[in-house]
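Q: Here's a structure for you.
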Amino acid sequence: MQQDYSIWEYEAYSIDWDICIIGSGITGLSTGISILERGPGTKVLVVDRWFIPLGASTRNAGFSCFGSPSEILADIGKMGEDASFTLVRKRWRGLQKLKTRINQQHACYETNGGYELFNKEGYEKVIDSLPYLNQLLSEAISQEKVYHASEVPSGIRGFSHALFNPYEGQLHPGFMMEQLKEKYLKMGGKIWTGLDIESIEETDEGILLCNKLSIPVKAKKVIVTTNAFARQLLPQLNVHGARNHVLVTEPIIGLQWKGCFHYDRGFYYFRNIGNRILLGGARNKDIENEETEQFGRNPLVLEALENFLYDHLTPTGRVKIEFQWSGIIGIGNQKLPIIKAISPRLFVGVRLSGMGIALASIIGEELTDLVLQQHE
Ligand SMILES: Cc1cc2nc3c(=O)[nH]c(=O)nc-3n(C[C@H](O)[C@H](O)[C@H](O)COP(=O)(O)OP(=O)(O)OC[C@H]3O[C@@H](n4cnc5c(N)ncnc54)[C@H](O)[C@@H]3O)c2cc1C
């Protein structure tokens with residue numbers, strides 16, 4: 001149905017924005033903040049199709065991490081040393097920037113460290129490469145001996161070895177996002193939710209964002225930060241969705257361990273939230289069907305997660321699972337994010353893979369550099 005808008009609506013809302021960002025997840029908000037830091041007074045609008053950013057930013061596990069040993073070694077095997085450490089460096093720098101933008105206490109930020117867990121065979125594949133990894137990490141992030149052998153924390157069963165990283169932390173993604181939103185709004189940015197952008201039309205004067213509500217949204221420049229959903233607007237991009245399931249138990253009396261944990265190249269991850277357990281992953285149990293941009297539940301994956309929970313993590317007996325949900329990450333033919341200009345007016349920052357909390361702030365900075373270069 002064609003909607004008729006009043007003159008008041010046109011004059012108040014059909015503004016010629018300097019920059020419009022599509023996607024109000026951590027990447028969109030971080031980019032908005034970077035733009036306003038560098039250009040106070042810029043008319044910036046962030047739009048999202050949902051009332052809250054429904055993709056990955058409020059649905060993740062809240063690990064503040066930059067890579068576990070086996071994952072980095074696997075990355076080096078696939079993309080080489082330079083690209084792998086560029087990625088680690090971006091994650092580290094992104095986390096440092098993020099920490100300056102949020103009140104860490106209000107975001108429940110805790111540095112309890114992170115562990116990668118192994119069986120004997122897996123450990124033997126990694127342990128000889130540890131000095132090499134630590135050396136490269138000391139160059140990439142200026143921290144010495146990032147990974148070292150440790151005991152498997154008491155209360156966790158079925159693993160023979162652990163490597164500990166004291167620099168890993170954990171936070172509350174919901175509170176983190178609320179703080180980023182408040183910061184962005186205080187700086188003068190605007191957010192419109194409930195606006196599903198269907199297509200992007202470039203004209204000589206600027207860009208028109210076509211949407212179901214037929215509200216004329218015009219901007220001089222547009223940045224797409226829709227991550228896993230980016231191909232709906234820009235089909236040429238090499239990025240697609242991968243669903244990840246998460247479950248959270250009731251509070252468990254006698255839970256002994258805390259921190260962030262990675263297993264099986266990141267396919268399983270878990271942490272404590274106080275004395276609850278958050279467990280996610282097992283996407284590899286049905287990898288084909290989990291390559292989707294649809295939220296939902298996959299019984300095979302949920303069964304694998306529950307088995308893992310009872311085999312390895314709970315102190316005794318069954319516990320109640322109080323929350324379970326899925327989120328969609330953006331992956332592609334390689335792990336480096338896509339940060340580029342599609343045209344002098346249109347920019348994209350997507351494919352944040354499984355560590356977007358770490359990457360988003362730095363992607364926002366890089367997108368801002370690109371957009372400002374085009375002003376000159
Ligand atoms: C289960 C799970 C666990 C994870 N755990 C961690 C972790 O512990 N640590 C970590 O660093 N990372 C983790 N990640 C990854 C991290 O959450 C993501 O990399 C990051 O949130 C991506 O942020 P984003 O802003 O780029 O995308 P998103 O958060 O997906 O935001 C994209 C936004 O674009 C909007 N949108 C899409 N299309 C349109 C359109 N056409 N019009 C308007 N709006 C649109 C969507 O509604 C959405 O709000 C996890 C992800 C998942 C799913």
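Q: Could you tell me the calculated FRET efficiency between Q232 and D369, based on Cβ-Cβ distance and R0 = 22 angstrom, to the nearest 0.05?
A: Working: r = 26 Å, r/R0 = 1.19.
Step by step, r from the Cβ atoms, then E = 0.25.
Q: Please give the charge dipole size of the chain, origin at the Cα centre, charges +1 on K and R Cβ atoms and -1 on D and E Cβ atoms. Round to the nearest 20 debye.
A: 600 debye
Q: Compute, for the stretch 234-320, the length of the dipole vector about the Cα centre, with Cβ point charges of +1 (Lys, Arg) and -1 (Asp, Glu) only. Units Debye, rounded to 20. Walk me through the numbers before you get to the answer.
A: On the way: 10 positive and 10 negative charges, 83 e Å.
In debye, rounded to 20, the stretch 234-320 gives about 400.
Q: Which ³J(HN,Hα) values, rounded to whole Hz and listed in residue order, are derived for the stretch 37-49 from phi using the Karplus coefficients 6.51, -1.76 and 1.60 in 6.51 cos²θ - 1.76 cosθ + 1.60 with θ = phi - 60°, glycine and proline given as x?
A: Values per residue, Gly and Pro as x: 5, 7, x, x, x, 4, 7, 10, 10, 9, 10, 9, 6 Hz.
Q: Of the options S64, T100, S142, report the single residue whose Cα projects farthest towards the positive end of the charge dipole of the stretch 58-144 (beta-carbon charges: Lys, Arg +1; Asp, Glu -1).
A: T100
Q: Using a Förster distance of 25 Å, how high is the FRET efficiency between S142 and M187, based on the Cβ-Cβ distance and rounded to 0.05?
A: On the way: r = 30 Å, r/R0 = 1.19.
After rounding to 0.05, the efficiency reads 0.25.
Q: Around F85, under 10 Å between beta carbons, what's the net of Lys plus Arg minus Asp minus Glu among the other residues? Don't jump to the answer; show the numbers that get you there.
A: Working: positive: R89, K90; negative: D75, E81, D82, E139.
That works out to -2.
Q: Return the carbon/sulfur percentage of the accessible area of the chain, one whole number, probe 1.4 Å, all protein chains in place. Don't skip to the answer; put the middle values down first.
A: Values: 8520 of 17040 Å².
About 50 percent, which is the carbon plus sulfur part of the accessible surface.
Q: Once the Cα gyration tensor of the stretch 31-141 is diagonalised, what are the square roots of 5 times its eigenvalues, in whole Å and ordered largest first, as equivalent ellipsoid semi-axes? The partial results should precede the final answer.
A: On the way: eigenvalues 220, 61, 43 Å².
Largest first, the stretch 31-141 gives 33, 17, 15 Å.
Q: Using Cα centres only, tell me the gap between the stretch 88-136 and the stretch 317-376 in whole Å.
A: Here the answer is 19 Å between Cα centres.
Q: At 222 nm, what helix-only mean residue ellipticity would the chain give, in deg cm²/dmol to the nearest 500, using -39500 (n - 2.57) for each DSSP H run of four or more? Could you put the intermediate results ahead of the total?
A: On the way: 8 runs with 117 residues, N = 376.
So the calculated ellipticity at 222 nm is -10000 deg cm²/dmol.
Q: Once amide H atoms are built 1.01 Å from N in the peptide plane, which residues 5 or more positions from S64, or in another chain, come under 5 Å H to H?
A: When sequence neighbours closer than 5 places are left aside, the close amide H contacts are G169, Q170, L171.
Q: Excluding ligands, DNA and RNA, what is the solvent-accessible area per residue of the stretch 66-121 at a probe of 1.4 Å, expressed in Å²?
A: Numbers: 2480 Å² over 56 residues.
Heavy-atom SASA per residue in the stretch 66-121 reads 44 Å².
Q: Going highest first, how would you order 16-24, 43-51 by mean Cβ packing within 10 Å? Before the final figure, lay out the partial values.
A: Values: 16-24: 24.3, 43-51: 20.2.
Answer by packing, highest mean first, reads 16-24, 43-51.
Q: Counting only other residues whose beta carbon sits under 12 Å from that of S326, what net charge do I get with K and R as +1, D and E as -1? Write out the running numbers ahead of the final one.
A: Working: positive: R59, R243, R283, R297; negative: E290, E293.
Surrounding charge for S326 is +2.
Q: Using unit Cβ charges (K, R positive; D, E negative) and no other charged atoms, how large, in debye to the nearest 20, is the dipole of the stretch 97-173 about its Cα centre?
A: Computed charge dipole of the stretch 97-173: roughly 300 debye.
Q: Could you work out which residue, out of M79, M355, M177, moves most in a Gaussian network model of the chain, that is, has the largest mean-square fluctuation with Cα springs under 10 Å?
A: Its mean-square fluctuation being the largest, the pick is M79.
Q: Evaluate Rg over Rh across the chain, taking Cα atoms for both radii and Kirkwood's formula for Rh.
A: Values: Rg = 21.4 Å, Rh = 21.6 Å.
Checking Rg against Rh, the ratio lands at 0.99.
The values are calculated or read from the model by the stated rules, or taken from the named source; none is laboratory data. In this text the structure is predicted, and so the values were computed from the model without any measurement. Because the Cβ atoms are built from the backbone with ideal geometry, glycine has one as well, and the counts that use them run over all protein chains shown. Protein only, heavy atoms only, side chains kept; ligands, DNA and RNA dropped before computing areas. Shrake-Rupley method; radii C 1.70, N 1.55, O 1.52, S 1.80 Å.
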